[in-house]
Amino acid sequence: MSLASVKTVAVVAVLPVLAVVAAVSAVVAVLGGLLAPADGHGTTAGRNGTPAAADGLRHTAVAVSPGACGTGWDRPRAGLQVFDLRNTGTAPTEVYLEDLATGAVHGEAEGLAPGAERALRADLGGGTYAFTCIPDDASAVRGPARRVPGAAGHGGPAAVPVSVHDLIPPTLDYQRWVTARMGELVRRTDALADAVDRGDLRRARTAWLTAHLVYERMGAAYGTFGDADTALNGTTAGLAHGVHDRGFTGFHRVEYGLWHGESAAGLRGPVKRLATDVRALRRDWADARMDPLDTGLRAHEILENTVQFELTGRTDYGSGTGLATARANLDGTRAVLDRLRPLLTSRTPGLPGIERAMTRARKQLDQYEDGGAGGRWVPLDRLSRTQREKLNGTFGDLVERLAEVAAVLDVRRTGS
């Protein structure tokens, strides 16, 4: 699914939307649910250490500003509790609570506006902690250290932040993996062009799917592909004349022609353009550099897009291969996760659950592959309501779990 299409197409299917909302909420709720938005009730009750009426937890009011970062936390205690953050400064501020001995972050809030409040829930074990406040366009300020009595290591969940340097090796490894796929993409696209040139549209439909799935497995690189992604995998979103618009190019333009009775003569132009654009992508990729800051996000974003577009049929231009594309996207997510695993193993408590969810999604998709010549797949619209609901539920759960990866690998700003 093209990132350009993601920016222009609204999601309308109810079940996928619910899955995406859950996933976005999980990203905001960093590290497995540590952050909870202030609900406007019970956040003043229980400050200064008495139980709050609304949730039964201990609440502590904490100031967030360059001149008063972390002030208000005067009687530290262990256990599950809520810090009611209030930005007393004049600029939007990021704030996080850190274990000073390990560097692990127990909770964070981003973009806290001046005068705004937000509840940060954390479970603390014995140790020394401090809040760090980072206003927009200013240096980080660390608040006073607070010693929490009790046994060390009994709190959590928490994770040691990653740095850009941590993310560079897996990003370079993934970039090499994409480079190895480029040759296959060119060969498969050439096979498609050859079939069209020979007028063999049956073989062309098989070749189209094979080539398209190679491209779909490289989802974490789409942002680096830039405009080339729109040319190769864009949809009709935003095009005034839809499938007849001259700006409609790439795989989906060829797909539309192949499955809507267009002649081989009419398809030669679009296929030649596709093959040319694929070669240009391979040439330009040699000088491209992926942004390490995006790698963790892409691990979540690939399947988020799958839920929004492939599992709703919004990117199907006649081939009925949306489930095959979803399977390729799953393979693409696996390629990213495998390279991030050294960083995730010690930081992501939910990693075993992610692995199980990946396996569950793969097995569920594989049952819809018909097999035979061309690797035919059951079209999405032939699934029963129960089958679609189960598929949406499986992928919605997986996307929500992958949000933890995006959160844990989010590089935190430490200065101006």
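The values are calculated or read from the model by the stated rules, or taken from the named source; none is laboratory data. Note that the coordinates shown come from a computational prediction; the quantities given were computed from them, not determined experimentally. Quick reminder, even Gly has a Cβ in these numbers, built from the backbone with ideal geometry, and neighbours come from all protein chains shown. Surface areas here come from the heavy atoms of the whole protein model, side chains and all, with no ligands, DNA or RNA. Shrake-Rupley method; radii C 1.70, N 1.55, O 1.52, S 1.80 Å.
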Check: region 137-234: D in µm²/s via Stokes-Einstein (Kirkwood Rh, Cα pairs, 20 °C, 1.002 mPa s)?
Finding: 118
Notebook entry, point to check: Quick one: Cα centre-to-centre distance for region 223-238 and region 280-301, in angstrom?
Noted result: 14
Item checked: Principal axis dimensions, largest first and in whole angstrom, of region 133-186 by Cα -> 61, 34, 14
Notebook entry, point to check: How high is the relative contact order of region 172-218, in percent, counting Cα pairs under 8 Å that sit 6 or more residues apart?
Noted result: 39
Note to self: If I take every Cα pair under 8 Å that is 6 or more residues apart in region 263-416, average their sequence separation and divide by the length, what percent do I get for the relative contact order?
What the structure shows: 33
Check: Is the shape of region 221-325 best called rounded, prolate or oblate, per the rule: a/c under 1.5 gives rounded, else a/b larger than b/c gives prolate, else oblate, with a ≥ b ≥ c the square roots of the Cα gyration tensor eigenvalues?
Finding: oblate
Item checked: region 303-401, Cα convex hull volume normalised per residue, Å³ -> 98
Item checked: Largest-first ordering by accessible area, 1.4 Å probe, given options Thr312, Thr171 -> Thr312, Thr171
Note to self: Just want the answer: with Cβ charges of +1 for Lys and Arg and -1 for Asp and Glu, which residue in Gly125, Thr90, His106 is farthest toward the dipole's positive end in region 90-147?
What the structure shows: Gly125
Notebook entry, point to check: Using all Cα-Cα distances in region 87-169, what percent lands in each 5 angstrom bin from 0 up to the longest?
Noted result: 3, 14, 22, 22, 18, 14, 6, 1, 0
Next item on the list: Place the peptides 239-249, 392-402 in order of packing, highest mean first, counting for every residue the other Cβ atoms within 10 Å and averaging per peptide.
Entry: 392-402, 239-249
Checklist line | Within region 315-412: Cβ-based charge dipole about Cα centre, in debye rounded to nearest 20 (Lys, Arg +1; Asp, Glu -1) | finding: 200
Note to self: Loop-only GluC sites (Glu not before Pro) in region 263-340, please: DSSP not H, G, I, E or B, and at most 15 other Cβ atoms within 10 Å.
What the structure shows: none
Next item on the list: Take the Cβ-Cβ distance between Leu239 and Ala265 as r, set R0 to 25 Å, and report the resulting FRET efficiency rounded to the nearest 0.05.
Entry: 0.60
Next item on the list: For region 289-390, run through the trypsin sites (Lys or Arg not before Pro) and keep only the ones in DSSP coil with at most 16 other Cβ atoms within 10 Å of their Cβ.
Entry: Arg289
Next item on the list: DSSP loop (so not H, G, I, E, B), at most 15 other Cβ within 10 Å: list which trypsin sites (Lys or Arg not before Pro) in region 53-125 pass both filters.
Entry: Arg77
